[in-house]
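Visitor: Can you keep this structure in mind? I'll have questions shortly.
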Amino acid sequence: MVAVTQQAPSSLLSAGEAAPFEVVEVEAARPIVLACDHASNRVPRALDNLGLANAHLQQHIAWDIGAGAVTKLLSQQLKANAVLGNYSRLVIDLNRSLEDPTAFPAISDGILVPGNLGLRVEDRAERARALFKPYHEAVRRVTHDWTSAGQFPVFVSIHSFTPKLHGVRRPWHIGVLWDKDPRLAIPFMEALRRAGDIIVGDNEPYSGRHPADFTIDHHAEPLGLAHIGIEIRQDLINDVSGQQRWASVLAEALESILGSAALYRSLCA
């Protein structure tokens, strides 16, 4: 497994800071693309933690806890190349349209984000140029590596969700997000349910039909790729053992269905 990064020149990121994204390339890769938008809680030094305490940046408002680690493990187990975002969703949410106000949240789960108050148009544009556009170009490039060779990869977006939001407990262990294309979502949910005592959310706790689902809407659906969004409850993957267990659960469920030739055809063809 090789991690490939790229540092784009930017006034937002100073020398020595992490690149906007990480690409994980595996040997003998299969036609599967993994994307993890919210893999990191990192904030560029120039933004001074967005005015937040370090404790706030460890919480779910800043990143999808455990999702990046699960994505990397799944990349190895499935032999799938992956792209991971390297900065906090509070700086810019890579899974939102740039016109969406929640792309630069001024408040998240009741916590004020001082560094996002009164953002100027040029501040938003620089964050987009430095972080959003390079990440999505990397996802496009990894996907295009397959489509340019005449193959249509399966596209999997990986997230995690907090067990409790706005005082409401969320019972699902895992959520499967999808919209109009059932090729991957339906058999994947069936495989998970056969695997044991797993509470599977069908478009819960979020929905693939909601417009705030930029990565799949932008990279998978226009090409007609079979795709799903996966949401894992964060208390299940907040340590190494949980991350390993759930990566294996996902890999086993996916492997049981990835042999279907129907998954590698474009609905747009």
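Visitor: Restricting attention to the range 148-184, which residues are in contact with a Cys (Cβ under 8 Å, 6 or more places away or on another chain) and of a type outside the set (S, T, N, Q)?
Guide: Correct list: ILE158, HIS159.
Visitor: Provide a single number: the residues in the range 25-78 that are modelled with pLDDT of 95 or more, of a type outside the set (Lys, Arg) and outside any helix (DSSP H, G or I).
Guide: Final tally of qualifying residues: 28.
Visitor: In the range 240-269, which residue that is exposed (fewer than 12 other Cβ atoms within 10 Å of the Cβ) and not in a helix (DSSP H, G or I) is modelled with the lowest pLDDT?
Guide: If we take residues in the range 240-269 being exposed (fewer than 12 other Cβ atoms within 10 Å of the Cβ) and not in a helix (DSSP H, G or I), then ALA269 is modelled with the lowest pLDDT.
Visitor: Additional query: Considering each residue of the range 217-248, count those that are over 18 Å from ALA35 (Cβ atoms), in contact with a His (Cβ under 9 Å, 6 or more places away or on another chain) and among the hydrophobic types (A, V, I, L, M, F, W, C), and give that number. Full working, then the answer.
Guide: Just the residues of the range 217-248 that are over 18 Å from ALA35 (Cβ atoms), to begin with: 233-236, 238-242, 244-245, 248.
When the remaining residues are screened for being in contact with a His (Cβ under 9 Å, 6 or more places away or on another chain), the result is 233-234, 236.
Subsequent filtering for residues that are among the hydrophobic types (A, V, I, L, M, F, W, C) retains 236.
Qualifying residue count for the region: 1.
For every residue, the table says whether it meets (1) in contact with a strand residue (DSSP E or B) (Cβ under 8 Å, 6 or more places away or on another chain); (2) surrounded by 14 or more Cβ atoms within 10 Å (Cβ to Cβ); (3) under 27 Å from GLU22 (Cβ atoms); (4) of a type outside the set (D, E, K, R).
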residue	(1), (2), (3), (4)
ALA106	yes, yes, no, yes
GLY110	no, no, no, yes
GLY115	no, yes, yes, yes
ARG170	yes, yes, no, no
ALA185	yes, yes, yes, yes
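Visitor: Have a look at ALA18, ALA80, ALA29, ALA46 and point out the one that is surrounded by 20 or more Cβ atoms within 10 Å (Cβ to Cβ) and either over 19 Å from the mean Cα position of the chain (by Cα) or over 23 Å from THR162 (Cβ atoms) (or both).
Guide: After ruling out the rest, the residue left standing is ALA80.
Visitor: Got a sec? Which of ASN95, ASN116 is in contact (Cβ under 8 Å) with a residue 40 or more places away in the chain and closer than 25 Å to HIS227 by Cα?
Guide: That would be ASN95, the only listed residue that is in contact (Cβ under 8 Å) with a residue 40 or more places away in the chain and closer than 25 Å to HIS227 by Cα.
Visitor: Would you pick out the residues in the range 1-24 that are β-branched (Val, Ile, Thr) and either modelled with pLDDT of 95 or more or in a helix (DSSP H, G or I) (or both)?
Guide: VAL23, VAL24
Visitor: Can you list residue pairs whose Cβ atoms sit under 6 Å apart, with the first residue in the range 207-235 being in contact (Cβ under 8 Å) with a residue 40 or more places away in the chain and surrounded by 15 or more Cβ atoms within 10 Å (Cβ to Cβ) and the second being assigned to a loop (DSSP other than H, G, I, E, B) and among the basic types (Lys, Arg)? Count only pairs 6 or more apart in sequence or on different chains.
Guide: Short answer, once both residue conditions are applied: PHE214/ARG96; ALA226/ARG183.
Visitor: Go through GLU137, GLU122 for me and flag whichever is closer than 20 Å to ASP48 by Cβ and either of a type in the set (Asp, Glu) or surrounded by 15 or more Cβ atoms within 10 Å (Cβ to Cβ) (or both).
Guide: GLU122
The values are calculated or read from the model by the stated rules, or taken from the named source; none is laboratory data. Fair warning: this is a prediction, and the values are worked out from it, not measured in the lab. Glycine also receives a Cβ, built like all others from the backbone with ideal geometry; neighbour counts cover every protein chain displayed.
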